[in-house]
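Report on the structure given below.
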């Protein structure tokens, strides 16, 4: 399966087992998608044809991938990227929806979520191209920045157009979240109210487990050397997305270069915030915001979260220890176990 590429912290659903073997268990459907896997857990009902539901989920995800993947040469998004014209390019309502949200979040974050940033990501060696032999010069960075910018993308009702012919879009910071939302909405149409949907770490939950206990989410400790749990939280009927910078990076001449690129400066981020978790009703929105907020750094990210009433957990590395910072909305909404 071709893939989307997004670096994000792995978010794991805790599997809570019951002492009673007779208790109803969740149904678990899984499969490959977007270069990773999907996991759907739900409390079953007698009217449901689970085989048919899995087929519908698979077809839904294949369709989204065919629309929005940059790894499929003939996907809708790839065709747009290959469209060396300033004329409008017809697009599906699904891709238009994701593009509109990407532009909205880009504006909200003062341009720090930028789905046109691909040329800069490639320049620093974090795209399909290999790591550069030497760090890009200021002049090359400035020249590359001229190829990016959400102001160069216009979105119409059924089309999108470019202000420069070589504008390149990459929806990997938001498309998995969109796919999670779409699977969740499909479950709701089947009268499934108690579920967990996860794709590559992006997640949305509703209701409770078969045991009647709330879904619990484990947020990974931001360490490259091991996998451990930082926090266990319950998020209600919401989505959760986490983005971190500690697994994909390289070092050159004693300097650490993160894969997260600030489109305004043209350089990888260099602050001490190592992960951001966002809780929001929409997985698509949480997905995009997590990336935008970690690029911002702690102070600006916390200010934005308070301004827009966003539930956020931020982790910084301060000397040899990790520190947590949360927004007021997080404190109101989230239960920490």
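The values are calculated or read from the model by the stated rules, or taken from the named source; none is laboratory data. Everything numeric in this text was worked out from a predicted model, so none of it was measured. When we count neighbours, we look across all protein chains shown, and the Cβ atoms used for this are built from the backbone with ideal geometry, even at glycine.
Table for the structure above
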read-out: Selection count where residues are within 13 Å of residue 296 (Cβ to Cβ) and at pLDDT 90 or above, scope the range 262-271; value: 4
read-out: Output for the range 268-280, where each listed residue is out of contact with any helix residue (DSSP H, G or I) (no Cβ under 9 Å at 6 or more places or on another chain) and over 27 Å from residue 251 (Cα atoms); value: none
read-out: Looking only at the range 76-102, and only at residues there that are in contact (Cβ under 8 Å) with a residue 24 or more places away in the chain and within 16 Å of residue 34 (Cβ to Cβ), the one that is nearest to the chain's Cα centre (by Cα); value: 98
read-out: Any helices (runs of 4 or more DSSP H) falling wholly within the range 233-337 and containing at least 3 residues that are without any contact (Cβ under 8 Å) to a residue 40 or more places away in the chain and either exposed (fewer than 15 other Cβ atoms within 10 Å of the Cβ) or within 20 Å of the chain's Cα centre (by Cα) (or both); value: 298-308, 328-333
read-out: The one condition in (1) crowded, with 18+ Cβ neighbours inside 10 Å; (2) farther than 30 Å from residue 310 by Cβ that residue 120 fails to fulfil; value: (2)
read-out: Checklist (1) more than 19 Å from the chain's Cα centre (by Cα); (2) modelled with pLDDT under 95 applied to residue 222, failing item; value: (1)
read-out: Breaking point among (1) modelled with pLDDT of 95 or more; (2) assigned to a loop (DSSP other than H, G, I, E, B); (3) surrounded by 13 or more Cβ atoms within 10 Å (Cβ to Cβ); (4) touching a strand residue (DSSP E or B) at 6+ places or on another chain (Cβ under 7 Å), for residue 87; value: (3)
read-out: Which numbered condition residue 136 fails, given (1) out of contact with any strand residue (DSSP E or B) (no Cβ under 9 Å at 6 or more places or on another chain); (2) farther than 21 Å from residue 288 by Cα; (3) touching a residue at least 60 places away in the same chain (Cβ under 8 Å); (4) assigned to a loop (DSSP other than H, G, I, E, B); value: (3)
read-out: Within the range 170-182, tally of residues that are surrounded by fewer than 24 Cβ atoms within 10 Å (Cβ to Cβ) and touching a strand residue (DSSP E or B) at 6+ places or on another chain (Cβ under 6 Å); value: 0
read-out: Which listed residue is in a helix (DSSP H, G or I) and touching a residue at least 60 places away in the same chain (Cβ under 8 Å), from 72, 64; value: 64
read-out: Qualifying positions in the range 183-216 - under 16 Å from the mean Cα position of the chain (by Cα) and on the phi > 0 side of the Ramachandran plot; value: 200, 201
read-out: Tally, over the range 92-124, of residues that are under 23 Å from residue 276 (Cα atoms) and assigned to a loop (DSSP other than H, G, I, E, B); value: 10
read-out: Test: residue in the range 90-98 that is crowded, with 19+ Cβ neighbours inside 10 Å and closer than 25 Å to residue 309 by Cβ; value: yes
read-out: Selection status of residue 34, within 30 Å of residue 167 (Cα to Cα), in contact with a strand residue (DSSP E or B) (Cβ under 7 Å, 6 or more places away or on another chain), modelled with pLDDT under 95 and surrounded by 20 or more Cβ atoms within 10 Å (Cβ to Cβ); value: yes
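A quick yes/no check of all residues on (1) in contact with a helix residue (DSSP H, G or I) (Cβ under 8 Å, 6 or more places away or on another chain); (2) surrounded by fewer than 15 Cβ atoms within 10 Å (Cβ to Cβ); (3) closer than 20 Å to residue 278 by Cβ:
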site	(1), (2), (3)
141	yes, no, no
148	yes, no, no
165	no, yes, no
193	no, yes, no
199	yes, no, yes
207	no, no, no
